[in-house]
Structures are given as C-alpha cells and as structure tokens.
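Novice: Would you mind keeping the following structure in view while I ask a few things?
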Amino acid sequence: MSTSKTPAEKVSVDKAPAGEPRPIREGENLLEVENLGKHFPVTAGLLRRQVAAVKAVDGVSFSVRKGETLGLVGESGCGKSTTGRMIMRLLDPSFGKITFEGQDITKMSQRRLRPLRRDLQMIFQDPYSSLNPRKTVGAIVGAPFRLQNLEAEQGVKKAVQEILELVGLNPEHYNRYPHEFSGGQRQRIGIARTLALKPKLIIADEPVSALDVSVQAQVVNLLEDLQDELDLTYVVIAHDLSVVRHISDRVAVMYLGKIVELADRTDLYERPMHPYTNALLSAVPIPDPAQRGERKRIRLQGDVPSPLDPPPACRFHTRCWKAQDICKQVEPPLVELSPGHQAACHFPENTTVSATDAVAKAAVAPGAAAAGDAGSASAADSAE
Ligand code: SF4
C-alpha cells in the first residue's frame with residue numbers, strides 16, 4: 001500500500017489557511033469524555049500526608065465522532081497531555097467517565113483493557129526518546145503483534161514491511177536501528193508502530209513539535225492521508241495553532257485544566273468567542289505581510305496561575321482584559337452559544353449571547369440547550 005500523495009505535492013503547515021473546510025462528520029461518537037479530572041496529590045512530612053492537590057485536569061467533557069479529528073490546544077501545563085494519557089488509561093482519572101465504543105473504560109482493569117489496546121493507540125511527542133535504540137525497526141514496529149500474541153496469526157515480518165511502506169519508509173529498513181534515521185523518519189517509525197494493529201482511535205501528543213518545520217508538514221500530511229485510507233479517528237494534542245487548524249475538524253481550547261471553548265475549526269478560528277482563544281489566535285504568525293497590519297496582537301499579562309491554587313470562578317480572570325466582578329465570583333459554564341460552538345465566558349466575543357443567558361434559556365426550555373460539560377450544571381447552580 002502507499003499513501004495517496006507524495007510529500008512534494010502537499011501543502012505547508014505554515015501556510016495552513018486549512019484549505020477547503022472539510023464537511024462536518026456527523027457519525028456516532030467513538031469516544032465520550034464526561035467531567036474527567038486528574039488531581040495529583042502533594043504530600044509532606046514523615047507520614048507523607050496529602051497537603052494539597054495539583055488540579056491538572058478539572059472536569060473536562062467532549063466527544064469525538066468516528067472518523068473525525070479533534071484538536072486539543074492550550075499553553076504548556078493546561079492539562080491537554082494529561083487528558084490524553086487518561087483516555088489511554090496510562091493515568092487513572094481522579095473522577096469522571098471515559099466511554100470508548102459504548103464501553104465504560106474508566107475503571108477497567110489492565111487485563112480487561114488489553115484487547116482494547118489494539119483499538120486505542122498513542123503517538124508520542126519525541127521521536128528520539130520514544131524508540132528503543134537497541135531494537136531494530138522490525139522489532140519496534142512488530143512489538144504490538146508480540147504483545148497481543150498475534151505473531152503466528154499475522155506473519156509479522158510481512159505485516160511490518162507493509163506498514164513501513166504505508167508510512168513512506170522503505171520495507172528494506174526492517175533490520176536497521178533508529179539512530180540511522182532522521183527525526184521525520186523516526187516519527188514515521190513511531191506512527192508505523194501505532195498503526196500495527198489497525199487501531200480505531202489514535203491520541204497524537206504533539207506529533208510534530210520535535211521536528212524541523214520542513215518535516216512537520218510531511219508528517220501532518222501523512223497523518224491526514226492515513227486517516228482517509230484507514231478510517232482513523234484522531235485526538236491531536238498540540239500547542240501550535242497552525243498545525244491544529246490544518247489537521248482538525250473541531251478544536252477544544254484548554255486553560256488551567258478546563259475546556260474554555262469548543263467549536264468547528266472554521267468557526268473557532270474565524271469567530272473565537274473566549275478572550276483566551278482570541279489572545280492565542282492573535283499570536284499566530286501571518287505569512288502574508290499585507291495582512292499583518294490588520295490584526296491586533298493581544299498580549300496577555302502575567303503568568304499562567306499555578307494549578308495548585310487556581311483562581312476562583314473564571315480561571316482566566318487574572319489575565320483577562322474584560323474581567324468584571326462576576327468573573328471573580330461565578331464560574332461561567334461551558335455552554336453552546338451558537339450552533340456547535342461552546343464557550344465558557346460571561347462576556348464572550350463575536351456573539352451577543354453570554355454563558356449566563358444560555359443557561360437561563362436552557363432552564364426555560366429544558367432539552368433545547370446546553371451542550372456543555374457536566375461541570376456546567378454545578379457552575380450554573382452556583383450562578384443562581
Ligand atoms: Fe474574561 Fe470574564 Fe470571560 Fe473569564 S468570564 S474570560 S474573566 S470576560
């Protein structure tokens with residue numbers, strides 16, 4: 001098998017005005033995450049008593065439809081990688097629920113999870129440290145077959161060579177070692193390992209951030225080609241908004257452990273509602289010098305607060321230029337402010353509806369509204 005386009009034919013991620021918007025995929029949900037959270041205990045003293053907790057993820061909810069790509073973006077430390085690792089069950093959630101293909105996997109034992117590992121795979125950020133330098137490419141890409149006891153069933157060498165070809169590597173590289181490859185080729189080896197068992201859902205954690213810009217576009221295009229060819233579903237975790245815009249169907253923006261905005265890609269990039277999203281987008285470089293003067297850069301003041309002691313109510317209020325008293329007292333729920341576009345803000349931009357209005361409307365017409373997270377309900381309660 002081979003990919004449908006050569007790298008030379010493909011677009012650069014830097015230029016990513018994202019081409020033609022892809023049609024919204026309306027299929028059933030492959031993954032559902034409800035009010036998911038991870039609090040890491042901080043201990044002290046001889047008895048290692050818990051004295052505090054780092055609230056890395058604090059109640060996020062979203063779903064991913066079959067065949068779509070959901071981008072998860074935010075600054076370092078916002079909890080996006082922790083969310084990905086909880087979905088993979090590499091970390092146990094502190095609370096919340098993860099449903100994959102209709103099965104609740106939140107507390108499933110590792111033994112019961114084992115067959116599901118075929119369907120749920122992860123691409124790691126660093127192509128240098130994620131591959132064992134002492135193993136050949138054949139052993140690395142063939143490892144999932146051995147872990148699942150599928151060697152005899154599949155004919156591992158032939159299967160591995162087919163996958164290497166699929167990701168644009170030479171099947172004759174089977175006996176080579178990782179140090180013999182460039183960064184982009186190593187990431188292709190990592191992707192080949194991920195694809196070995198034909199997964200349904202791939203969590204890609206910063207899949208191109210460790211690569212040179214010139215190689216990033218090749219790997220992003222490869223992921224898109226593979227998605228079309230193998231009907232894959234992706235959750236792409238990244239801090240680079242150009243990459244996320246290029247590859248995603250929908251985008252969720254995280255800040256300090258919470259999702260603050262979630263929308264269709266085009267809607268989010270062209271009509272951001274949350275001030276934080278607006279600030280992030282204002283910092284994205286514009287390739288066309290003629291358009292640079294038209295956009296105003298929003299410079300956020302101060303650092304991201306500590307997840308040990310996040311600000312009360314709206315967590316963004318310490319850096320938000322629109323903050324008012326209510327923002328410090330009442331947590332804005334994540335609710336749908338226009339069709340398919342959710343934001344958690346009392347004074348959102350590009351809309352006349354606020355989160356409070358949407359909650360009030362939902363209360364008057366039950367069932368007509370809030371597509372927000374499970375945390376919304378408690379926030380709405382506290383708003384009353
Ligand atoms: Fe800013 Fe208030 Fe909206 Fe928070 S709720 S983002 S502080 S305007």
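Every number here is computed from the coordinates shown, using simple stated rules; none is lab data. Quick caveat: nothing in here was measured; it's all calculated off a predicted structure. Glycine also receives a Cβ, built like all others from the backbone with ideal geometry; neighbour counts cover every protein chain displayed.
Novice: May I ask for the Rg/Rh ratio of the range 158-198, computed from Cα atoms with Rh as the Kirkwood radius, given to two decimals?
Specialist: Expressed as Rg/Rh, it is 0.92.
Novice: Any chance you could tell me what percent of the C-alpha pair distances in the range 58-158 go past 15 Å?
Specialist: Here the tail beyond 15 Å accounts for 72 percent of pairs.
Novice: Between PHE95 and ASP303, what FRET efficiency follows from the Cβ-Cβ distance if R0 is 30 Å, with the result rounded to 0.05?
Specialist: The formula returns an efficiency of 0.65 here.
Novice: Let me ask something else about it. Taking a ≥ b ≥ c as the square roots of the eigenvalues of the Cα gyration tensor of the range 179-290, is the shape rounded (a/c under 1.5), prolate (a/b larger than b/c) or oblate?
Specialist: Prolate shape, in that a/c is at least 1.5 and a/b is the bigger ratio.
Novice: Pop out the Kirkwood hydrodynamic radius of the range 79-218 from its pairwise C-alpha distances, inverse of mean 1/r, in Å to one decimal.
Specialist: Hydrodynamic radius (Kirkwood, Cα only) of the range 79-218 equals 15.9 Å.
Novice: In whole Hz and in residue order, list the ³J(HN,Hα) couplings for the range 61-66 that follow from phi through the Karplus curve 6.51 cos²θ - 1.76 cosθ + 1.60, θ = phi - 60°; x for Gly and Pro.
Specialist: 9, 6, 10, 10, 7, 4
Novice: Using alpha carbon centroids, what distance separates the range 73-123 and the range 167-217, in Å?
Specialist: 22
Novice: Now a separate question. Residue by residue through the range 310-315, what is 3J(HN,Hα) from phi via Karplus (6.51 cos²θ - 1.76 cosθ + 1.60, θ = phi - 60°)? Round to whole Hz and write x for glycine and proline.
Specialist: Going residue by residue, I get x, x, x, 6, 6, 5 Hz, with x marking Gly and Pro.
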